[in-house]
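Let me begin by presenting the structure, written as structure tokens, before commenting on it.
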Amino acid sequence: MPASAPGEQNFAIETADGTDLVVTVMGRDAWDAQLVGSLWDALTKRGESPRLSMTRRERVEREAMVGLLAERAGVPLLPVVAAGQGVRGEAMLVTAAAQQTLAEVPADALTDQTVAEVWAALADLHSQGIAHRTITAEHVVATEDGRWGWSNLGRARLAASTTDLMLDRAHLLAMTWLLVGSQRAVDAAAAALGPGELEKTLPYLQEPGLTPALRRAMGTDHVLDELRARAVAVTDAQDVPTVRLRRVTGASVAKLLVTLVIVSTLVSLLAGVDISEIVDELRQADWALLLLALLVAPLAQVGFSFSTVGASTRALPYVPVLVLQYAIQFLALVFPSTGARAALQIRFFERVGVPYGAAIPMGMIDGISGFVVQVSLLLIIALSSLPGVTTTVAPASGSSDGSSSSPSILGLALLIALLWGVTTLAVPRRRARARRAIPRFTEALKGQAGVARGALTVVKQPAKVSMMLGGNLAAQVIQAIVLGICLSAFGESVSLSQLILVNTFVSLFAGIMPVPGGVGVAEAGFAYGLQAVGIPSAVAVSTAIAFRLVTFYLPPLWGSLAMRWLRKGAYV
């Protein structure tokens, strides 16, 4: 008799004519178990969504319906005899009893023919678009007609996605490995699926895709690596990367922690400021000056476009490059990721005749030149007599000793990076993944090295270097001027060097934070920086909001037009 799931109880009964049946009774706890399991899967696994509304009676009806559809299509399984509800509201499902489960077969009695029959049963199930989703040795049963088939379709999914079908294969491959060993398991899978389909399954053969019972049975992660390596050898395929099945990763946790610190910093900055003061500042702002800031802000992209042209060994048309900068502003808000922006740049460069291998170094050189300009500006202001930081920002909380209880964002970021590195070195699976990634990365670098060396020749050309440094310098100065205009709209002013200091420092700081678009980080940074140069708290916060509005949140409006222009001109 199959093991009971949480909230369920199985009973073996015998009818008057001697037929063996299994009655599954679902009580109130079954819905609780479904709720908790559904929420956990939705939070931690990609492609999952919470299933909150299905009652236990609906679960029985759904399992009966899936079973009847599969049975009608000839899929070997335990037939459904009846479904109903008990006198106390319990949901009940009655199925034929299994002659034997695969878990009950002695290891030395498991033949290759048996494993092949199980794979054939899975193919029959998948041919109807049904994914089992909880494959274990207890759920593979011998049916009345002598074939191996399925039981427990409670979590089966109709019209299953590719991910669900591939995870079924991964479950069955891992399960058969536990029963017959890696060589026989992989050979049986290759014979049933074919090398091509087995290769498609490999990205899903990973720890997050397996059921908890399978993970516990397989033990350490290196067992999965061994199984994957065996399958790769059989299929003569390259070691394909795994797909992302898990929503919650170390990186996502790090982003959450940094975001929480940012929020606490913003609260700390605002704690000593009455919200009504900020509203009054915004209401009394000089809107003509804010409109001027909105009109001046796009000029910064002119400087960035000169830097991009300077980073290229090939002559680029200036106007499309300028439009590209505005399109990147659109992409920065719609798809807040560095990868999306880099992909747009590479696509643009390829369309204007720049080889792919040169496009990546061009972007790196352009970015490095901007970094050099930012660091140089900070050093010049710090080492010269130019006005810089003039005051210390007092903590908003009322601690008696005047010390801030808020953690340092930069310190926390460094701590997270350190913990991430230590974890990578200490955990065998992460260390093995990093070790595998290094040869692939090295090989990719070698493949593009020749073209990249050609792209690096721009650093030997004074005119190109001047365009890159001058363009980035102009962009930084223009952004500082826009910050000054926003500050003037609230009746305050500081020197240009202080504006450059605040803008440059926040740009660098927001760039290293794992928060898309610097949302929250930049606002907190500008508010803090303006207070550090002597601006009152309410004005600093109001200026930070206005500056981010004209330089980040509104530019996507014309950035979308720029993207449309690039598409129309076949530049992307």
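Every read-out reported here was derived from the displayed coordinates using simple, explicitly stated rules and does not represent laboratory data. Computed from a predicted model, the values in this text were never measured in an experiment. Neighbour counts run over all protein chains shown; Cβ positions are idealised from the backbone, glycine included.
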**Study point:** Dipole axis of the stretch 100-235 (+1 Lys, Arg; -1 Asp, Glu on Cβ), positive-most option in 174, 125, 163
**Key:** 163
Point to revise | Label-to-label distance, nm, for residues given as residue 425 and residue 347 (7 Å Cα→Cβ offset) | key: 4.0
Point to revise | Inter-site label distance for residue 287 and residue 385 at 7 Å from Cα along Cβ, in nm | key: 4.5
Revision key, fill the gap. Contour minus Cα-Cα span, residue 85 to residue 554, at 0.36 nm per residue, comes to 163.0 nm
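Kindly identify the stretch 100-235 as rounded, prolate or oblate by the Cα gyration tensor criterion: order the square roots of the eigenvalues as a ≥ b ≥ c, call it rounded if a/c is under 1.5, otherwise compare a/b with b/c, prolate if a/b is larger, else oblate.
Details: a/c = 1.34, a/b = 1.13, b/c = 1.18.
Taking the square roots of the gyration eigenvalues as a ≥ b ≥ c, the stretch 100-235 is rounded.
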Check your understanding: Would you list 385, 161, 151, 542 from fewest to most Cβ contacts within 10 Å?
Key -> 385, 161, 151, 542
Exercise for review: Calculate one ³J(HN,Hα) per residue across the stretch 61-71 by plugging θ = phi - 60° into the Karplus curve 6.51 cos²θ - 1.76 cosθ + 1.60, and present them in order as whole Hz with x for glycine and proline.
Suggested key: 4, 5, 5, 5, 5, 4, x, 5, 4, 5, 5
Review point. What ³J(HN,Hα) values, in whole Hz, does the Karplus curve 6.51 cos²θ - 1.76 cosθ + 1.60 give for the stretch 528-539 when θ = phi - 60°, with x put for Gly and Pro?
Key: 5, x, 5, 5, 5, 9, x, 8, x, 4, 4, 5
Check your understanding: How long is the gain from residue 12 to residue 211 if the chain were fully straight, where each residue apart is worth 0.36 nm and the alpha carbon distance is subtracted?
Key -> 69.1 nm
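How far, in nm, would the chain grow between residue 315 and residue 568 when pulled straight, counting 0.36 nm per residue and subtracting the alpha carbon separation?
On the way: separation 253, 0.36 × 253 = 91.08 nm, distance 2.15 nm.
Extra length from residue 315 to residue 568 when fully extended: 88.9 nm.
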Study note, to complete from the structure: Two pseudo-spin positions, 7 Å from Cα along C-beta at residue 299 and at residue 112, lie apart in nanometres by 7.8
Review point. Can you list residues whose amide H is under 5 Å from residue 150's amide H, if they're 5+ apart or on another chain and H is modeled 1.01 Å from N?
Key: 77, 78, 141
